[in-house]
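S.K.: Structure incoming, see below.
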Amino acid sequence: MHGGPWTVFVAPGITAGGRLIVALGRTAGGAVVRNRIRRIARDVYGGARGDFSGSAFLLAARSDVGEVPRRRARVAIEGLLRRGHEVLARRRLA
């Protein structure tokens, strides 16, 4: 799934608790920016971990995310994780 500069890949989790992997290359920005995005993503995932159980996520940035405000990054990441989890849940039921 794509949303702004973000791409999220979702797969069934190997463990019941799920998993989040954040893969950010240099095109996402400098080390400070990449670490900020990792912290935001871990915080979003950790805060809603029970909601995402059973799903594995890979979060990647397609372009420089250094200019994206923190609040907007948080909302975008959370929205993509929720959408991905819902799509995976619907596929499991089908």
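S.K.: List the residue pairs whose Cβ atoms are under 6 Å apart, where the first residue sits in segment 1-28 and is free of Cβ contacts under 8 Å to residues at least 24 places away in the same chain and part of a loop (DSSP other than H, G, I, E, B), the second is surrounded by 14 or more Cβ atoms within 10 Å (Cβ to Cβ) and not aliphatic (A, V, I, L, M), and the two are 6 or more positions apart or on different chains.
M.R.: Between residues of segment 1-28 that are free of Cβ contacts under 8 Å to residues at least 24 places away in the same chain and part of a loop (DSSP other than H, G, I, E, B) and residues that are surrounded by 14 or more Cβ atoms within 10 Å (Cβ to Cβ) and not aliphatic (A, V, I, L, M), there is no close pair.
S.K.: Any idea which of (1) exposed (fewer than 13 other Cβ atoms within 10 Å of the Cβ); (2) modelled with pLDDT under 90; (3) under 13 Å from the mean Cα position of the chain (by Cα); (4) more than 12 Å from R62 (Cα to Cα) is the one T15 doesn't satisfy?
M.R.: (3)
S.K.: Examine segment 59-71 for a residue that is surrounded by 14 or more Cβ atoms within 10 Å (Cβ to Cβ), assigned to a helix (DSSP H, G or I) and either touching a residue at least 12 places away in the same chain (Cβ under 8 Å) or out of contact with any helix residue (DSSP H, G or I) (no Cβ under 9 Å at 6 or more places or on another chain) (or both), and state whether such a residue exists.
M.R.: no
S.K.: Please tell me if L88 is part of a helix (DSSP H, G or I), over 12 Å from the mean Cα position of the chain (by Cα), of a type in the set (A, V, I, L, M, F, W, C) and surrounded by 13 or more Cβ atoms within 10 Å (Cβ to Cβ).
M.R.: yes
S.K.: Sticking with this one: If we scan segment 37-55, do we find a residue that is in a strand (DSSP E or B), among the hydrophobic types (A, V, I, L, M, F, W, C) and surrounded by 12 or more Cβ atoms within 10 Å (Cβ to Cβ)?
M.R.: no
S.K.: Something else: Mind checking which residues of segment 42-74 are touching a Phe, Trp or Tyr at 6+ places or on another chain (Cβ under 9 Å) and more than 15 Å from G4 (Cα to Cα)?
M.R.: Within segment 42-74, Y45, F52, A56, F57, L58 qualify.
S.K.: Considering only segment 62-83, state which residues are modelled with pLDDT of 90 or more, in contact with a Gly (Cβ under 8 Å, 6 or more places away or on another chain) and aliphatic (A, V, I, L, M).
M.R.: A76, L80
The values are calculated or read from the model by the stated rules, or taken from the named source; none is laboratory data. Given the structure is predicted, the values throughout are model-derived calculations rather than measurements. Every residue, glycine as well, gets a Cβ built from its backbone with ideal geometry; the counts of neighbours run over all protein chains shown.
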